[in-house]
1. Could you grab the relative contact order for region B:3-72? Cα pairs under 8 Å, six or more apart, rounded to a whole percent.
2. Cut-off under 14 Å on the C-alpha distance; same-chain residues fewer than 8 positions from A:K34 excluded. Which aspartates and glutamates are left, in chain and number order?
3. May I ask for the distance between the Cα centers of region B:11-60 and region A:105-145, given as a whole number of Å?
4. Rounded to whole Hz and in sequence order, give me ³J(HN,Hα) for region B:95-112 from the Karplus expression 6.51 cos²θ - 1.76 cosθ + 1.60, θ = phi - 60°, writing x for Gly and Pro.
5. Through the Karplus equation 6.51 cos²θ - 1.76 cosθ + 1.60, θ set to phi - 60°, convert the phi angles of region A:15-32 into ³J(HN,Hα) values in whole Hz; use x for Gly and Pro.
6. Could you pull the copy-to-copy label distances for B:T101, with points set 7 Å along Cα to Cβ, in nm to one decimal and sorted shortest first?
7. Counting other Cβ atoms within 10 Å, which trypsin sites (Lys or Arg not before Pro) in region A:1-71 have at most 11 and lie in a DSSP loop?
8. Please list the three semi-axes, largest first and in whole Å, of the ellipsoid equivalent to region B:3-72, using sqrt of 5 times the eigenvalues of its alpha carbon gyration tensor.
Protein chains: 2
Amino acid sequence: MNKYEAISAEMRHRIKEKHYNPDQPIPDEKSLAKEFECSRMTMKRALDILVMEGLLYRKRGHGTFIVQSAIRDSRVNVVSNEVLGLSRLITDKTITSKVVTFEVQFPTEEVAVHLAIDTKTPVYYLVRLRLVEGEPYVLEKTYMPTNMIPGLNDEILHSSIYEYILKELELTIAGSHRKIRACKSDELDQEHLECKHDDPILEVEHVGFLNNGVPFEYSFSRHRYDKFEVTTVNVRN
Amino acid sequence: MNKYEAISAEMRHRIKEKHYNPDQPIPDEKSLAKEFECSRMTMKRALDILVMEGLLYRKRGHGTFIVQSAIRDSRVNVVSNEVLGLSRLITDKTITSKVVTFEVQFPTEEVAVHLAIDTKTPVYYLVRLRLVEGEPYVLEKTYMPTNMIPGLNDEILHSSIYEYILKELELTIAGSHRKIRACKSDELDQEHLECKHDDPILEVEHVGFLNNGVPFEYSFSRHRYDKFEVTTVNVRN
DNA sequence: TAATTATAGATGTCTAGACATTTATTAAAG
DNA sequence: CTTTAATAAATGTCTAGACATCTATAATTA
């Protein structure tokens, strides 16, 4: 772990454990840099992360402060600035998967474009229903080039594909693009998500990239509207 | 404008205008730093911005590359990592506003908590319908403490509140938190957005902060599901 | 007393360079 | 010819410090 990440983690812990008085600025960058035995640049970079997370804010010429609501509010918050899969986002509840469809096919033009392949490169087409504590939660339709993710099998599909990609294939995920929209439910949604035909759906279109810039996953997650929301935190510098 | 912002803007321009061969890495950081007469750190910071925007990606030990799809796709893309109001996001179309409600009231507990005030501090309650090229687009319900945004009048409501805050009050907006969800339409939506009663709504709950960390705006934007989507770009470092 | 002006202290930007880590290529060894 | 090892080149991290900019406070002046 890098120095700035380690310092960031320690500071996050201190703030959440109310080590610092929430009404006062936290110690200035120079003092903290001295305490952590690093340069001020590195200290700033560590604090940058916490500012991004919405835990701190800065007043130029004055100091760095704790965002009160961030420590008051202890709800689980799924921040969209996350690249991980569902089973990493929710760790305190039981997540199960039901594989609805698992086949290999040639991609449509749309899918091929998003995966930066041609329509002759076969892809996995995968539909999974994810359940949290046995309750249907989200229906995921995923397209992945077969040559990039070899050895996908039934057992993996029932747990976490992301774990498999990271640990077994040792690929690193570089980032993702998401589009979030509301839409009407179709028959597949109604059947698996157990929703009524006039229930809306929160759809997240998602392209995942490896750190070589190549897209490896194109998916549509269709969420029950009463069980999911996306949070984004935006900070100007 | 800061040096890294200026360099970033120039590089963005070059990339979009295909100044660099898309199949090759762009020049290395050291060379670019020399060309722009800055340090490598500043050059890196400038490129960081473009990586965040999804325009570039990096391969450690190899180079920095252009994301092909980013220059191919010329669609207007509303990235959620934006703090600005609607009238700054869409500049090539005519945006009009219809003020549905404009009154001063005492906030509910929920509104007070989000604005970090007590329930005895009066707030503006404002409902505006925003139309793009005359078509109803989004219904915005906004709460703002009256003491923070003095002098709000009918004329401002018909144009852009953000313009007023930035230019007249000379406040700087530091950031925002958003929650995005799907929900059913209510009668107010149906009346103003001209949608059917089973049309879903994309709701964005939004808290805007000034750079002193104080929230100044708490709003709910209810979008027609067929006219709006939110994009987020996430990059691991 | 009120308004203005210095001043201290905090964050923001920028530099020049050292060293670490990763990757592709080249050279050497088998 | 294939495998392994060295090398060059690129990005990533980190430093120590200079200077810029902003804020609140204190000192000064009208």
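The values are calculated or read from the model by the stated rules, or taken from the named source; none is laboratory data. None of these values were measured; they are calculated from a predicted model. Note that we place each Cβ from the backbone using ideal geometry, even for glycine, and neighbour counts take in every protein chain shown. With ligands, DNA and RNA removed, areas are computed over all heavy atoms of the protein, side chains included. Shrake-Rupley method; radii C 1.70, N 1.55, O 1.52, S 1.80 Å.
1. Relative contact order for region B:3-72 comes out at 37 percent.
2. Correct list for A:K34: empty, as no aspartates and glutamates qualify.
3. Using only Cα atoms, the two centres lie 33 Å from each other.
4. With the stated coefficients, region B:95-112 comes to 10, 10, 10, 10, 7, 8, 9, 8, 8, 10, 8, 8, x, 6, 4, 4, 5, 4 Hz.
5. 5, 5, 8, 6, 5, 10, 5, x, 8, 10, x, 6, x, 6, 4, 5, 5, 5
6. 4.4
7. Counting only loop positions with at most 11 other Cβ atoms within 10 Å, the trypsin sites (Lys or Arg not before Pro) in region A:1-71 are A:K18, A:R60.
8. Equivalent ellipsoid semi-axes, largest first: 18, 13, 11 Å.
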